[in-house]
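Chemist: My structure is below; once you've seen it, I'll send some questions.
Bear in mind that the values in this text are calculations on the coordinates, not laboratory data. Just so you know, these numbers come straight off a predicted model, no measurement behind them. Using ideal geometry, Cβ is built from the backbone for each residue, glycine included, and neighbour counts are taken over all protein chains shown.
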Amino acid sequence: MDVAIIGIGLYPFGRHEGVTAIEMGVRAAADALADSGLGWKDMDLACAGSLEVLQPDTMNKHMGLTGIPFTTVFNGCATGGNLLLTTANSLLAGMGDLAIAIGMDKHPRGAFSVGDTLEGLGLGQWYGETGLALNPQFFAMKTRRHMHDHGISEECLNLTAEKAFKNGSLNTRAWRRKALGYDEIANSPMVCDPLRKYHFCNPSEGAAAMVLCRADVARRYTTHPIYLRADIFRTRLYGSFETLSPSVPAKDTPGPTVQAAEAAFEMAGMGPEDIDVLQVQDTEAGHEIMHLAENGFCRDGEQEALVRDGETQLGGRIPVNTDGGLLANGEPIGASGLRQVFEVCLQLRGQAGDHQVPGDPKAGYTHVYGFPGVSCVTILSN
């Protein structure tokens, strides 16, 4: 893809009383524009996404009424990835030379659930009565099945969570800055077997933004452009057990993450061995473990050894969720995918500070997964 990221901005995830989601989006956009050395008036188009904000394009009244096309996107937790894809494709279609993508959200405390909107999602109340409309219960069941089928232990879950909070403690922008020890995680209350309190992320608040341009002009604006090598979005196939699936298949079908990852590597002309820093959807610790295999970085069952041997740590062979991921940052749905891209850009620029991956990383990978069984993968390089 002949597109580059030339500016990045983040309104840190967490709890921000008295600040609206739109205001967070405005501040993240302003930071991204400042990072690029450009202004809102320079933008030829904009894209924004959110769950809680009905029309995020109304933020243009804060940024400036310049008349630019402003597209809104929503694809569950995969919104951020598709935001970047939509913005990039708009540039490639000739709609302009400079564009901005903005994700934002502000969620209440508690657990994510689609229980109040089942009929609008094509499912009846029976689905909610099974417990699957509540994210923690669905992901617990999927994690337990993966553990059973591939020999993954509860120790692997605990070590994955411990790594996330350790990385978060090193990241000045993270919400959860306290490193948690293995025993504290392992002895925390069971929420949905096999997942404990510290295996889950929290709904949170925040925003992220990216300024993009055509790759051939990127160095007009910055000395450190990050190039978008691939951005692929996929939906589930029949027989793939995903969020909002109305049945459990007798035989597994590869999910949307597998499809997106394979297509992204093909588009980029790269393979998993070329990736130096990796961000994957980790709504809970089991998700990170499953997604390592689904994205092609190991085979099912190999995660146990990778995690135990420290290969997913900052100094390991496959540094995963280097900023603490969703466990340490929480998830504002509209922004979390762009937060991953923000983190990879920092790493490739060598600007991640105490949580910088050693060895001068050259290529990064992001992956988001959301309802109703959709996934988006990006590959970036400097």
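Chemist: Viscosity 1.567 mPa s, temperature 4 °C: Stokes-Einstein D of the stretch 246-382 from its Kirkwood Cα radius, in µm² per second?
Modeler: Numbers: Rh = 15.2 Å.
Calculated translational D: 85 µm²/s.
Chemist: The stretch 22-92: percent of C-alpha pairs farther apart than 21 Å? Working shown, then result.
Modeler: Values: 483 of 2485 pairs.
Value for the stretch 22-92 (Cα pairs over 21 Å): 19 percent.
Chemist: Hey, another quick one. Quick one: if you stick a label point 7 Å off each Cα along the C-beta vector at TYR238 and VAL217, how many nm between them?
Modeler: The two pseudo-label positions are separated by 4.7 nm.
Chemist: Sorting check: for 198-210, 248-260, which peptide has the highest mean count of neighbouring beta carbons within 10 Å, and how do the rest follow? Write out the running numbers ahead of the final one.
Modeler: Working: 198-210: 27.3, 248-260: 16.7.
Going from most to least packed, we get 198-210, 248-260.
Chemist: For the chain, what does the relative contact order come out to in percent, with C-alpha contacts under 8 Å and a separation of six or more?
Modeler: On the way: 915 pairs, mean separation 100.5, N = 382.
Reported relative contact order: 26 percent.
Chemist: Provide, in order from the shortest bin, the percent of all Cα-Cα pairs of the stretch 101-177 in each 5 Å bin, continuing until the bin that contains the maximum pair distance.
Modeler: All Cα pairs, binned at 5 Å, distribute as 3, 12, 12, 15, 18, 17, 14, 8, 1 percent.
Chemist: Which value, in Å³ per residue, describes the convex hull spanned by the Cα atoms of the chain?
Modeler: On the way: hull volume 48.3 nm³, N = 382.
Enclosed volume per residue, from the Cα hull, is 127 Å³.
Chemist: What ranking do PHE74, PHE342, PHE233 get, fewest neighbouring Cβ atoms within 10 angstrom at the top? Intermediate values should be presented prior to the final figure.
Modeler: Working: PHE74 17, PHE342 26, PHE233 22.
By the 10 Å Cβ count, ascending: PHE74, PHE233, PHE342.
Chemist: Just flag the trypsin sites (Lys or Arg not before Pro) in the stretch 280-358 sitting in loop per DSSP whose Cβ has no more than 15 other Cβ atoms within 10 Å.
Modeler: ARG299, ARG317
Chemist: With angles folded into 0 to 90 degrees, how steeply does helix 256-268 sit against the dominant principal axis of the chain? Use alpha carbons for both and round to 10.
Modeler: Approximately 40 degrees, to the nearest 10.
Chemist: Something else: Given the stretch 62-157 reduced to its alpha-carbon atoms as identical point scatterers, what log10 I(q)/I(0) does the Debye formula return at q = 0.17 Å⁻¹?
Modeler: -0.95
Chemist: If each residue's Cβ is checked for other Cβ atoms within 10 Å, how do SER247, SER240 rank with the fewest at the top? Kindly include the intermediate steps, with their values, before the conclusion.
Modeler: Values: SER247 7, SER240 18.
With the fewest neighbours first, SER247, SER240 line up as SER247, SER240.
Chemist: Can you tell me the orientation of helix 285-294 relative to the chain, as the angle in degrees between its alpha-carbon axis and the longest Cα principal axis, to the nearest 10?
Modeler: For 285-294 against the chain, the angle is about 70 degrees.
Chemist: Scale the Cα Rg of the stretch 214-271 by the rule-of-thumb value 2.2 N^0.38 Å and send over the ratio, two decimals. Display every interim value, and only then the final one.
Modeler: Numbers: Rg = 17.3 Å, N = 58, 2.2 N^0.38 = 10.3 Å.
Against the compact-globule rule of thumb, the ratio is 1.68.
Chemist: Additional query: Looking at the stretch 70-168, which trypsin sites (Lys or Arg not before Pro) are in a loop (DSSP not H, G, I, E or B) and have at most 10 other Cβ atoms within 10 Å? Don't skip to the end; give the middle numbers.
Modeler: On the way: sites: LYS106, ARG109, LYS142, ARG144, ARG145, LYS163, LYS166; in loops: ARG109.
Hits after loop and neighbour filter: ARG109.
Chemist: Working from Cα positions, state the angle (0 to 90°, nearest 10) between the long axis of helix 79-92 and the longest principal axis of the chain.
Modeler: So the inclination is approximately 30 degrees.
Chemist: If you don't mind, another one. How big is the Cα convex hull of the stretch 293-356 in projection, averaged over all directions, in nm²?
Modeler: Numbers: hull surface 19.9 nm².
Its average projected convex-hull area is 5.0 nm².
Chemist: How big, in percent, is the set of alpha carbon pairs in the stretch 1-60 lying more than 16 Å apart?
Modeler: Working: 876 of 1770 pairs.
Percent of Cα pairs beyond 16 Å in the stretch 1-60: 49.
Chemist: Report Rg/Rh for the stretch 150-229, rounded to two decimals, where Rg is the Cα radius of gyration and Rh the Kirkwood radius.
Modeler: Working: Rg = 18.8 Å, Rh = 15.8 Å.
Expressed as Rg/Rh, it is 1.19.
Chemist: Of TRP40, ALA21, MET95, which is farthest on the positive side of the dipole of the stretch 1-139, counting Cα position, with +1 on Lys and Arg Cβ, -1 on Asp and Glu Cβ, and the Cα centre as origin?
Modeler: Farthest along the dipole direction, towards plus: ALA21.
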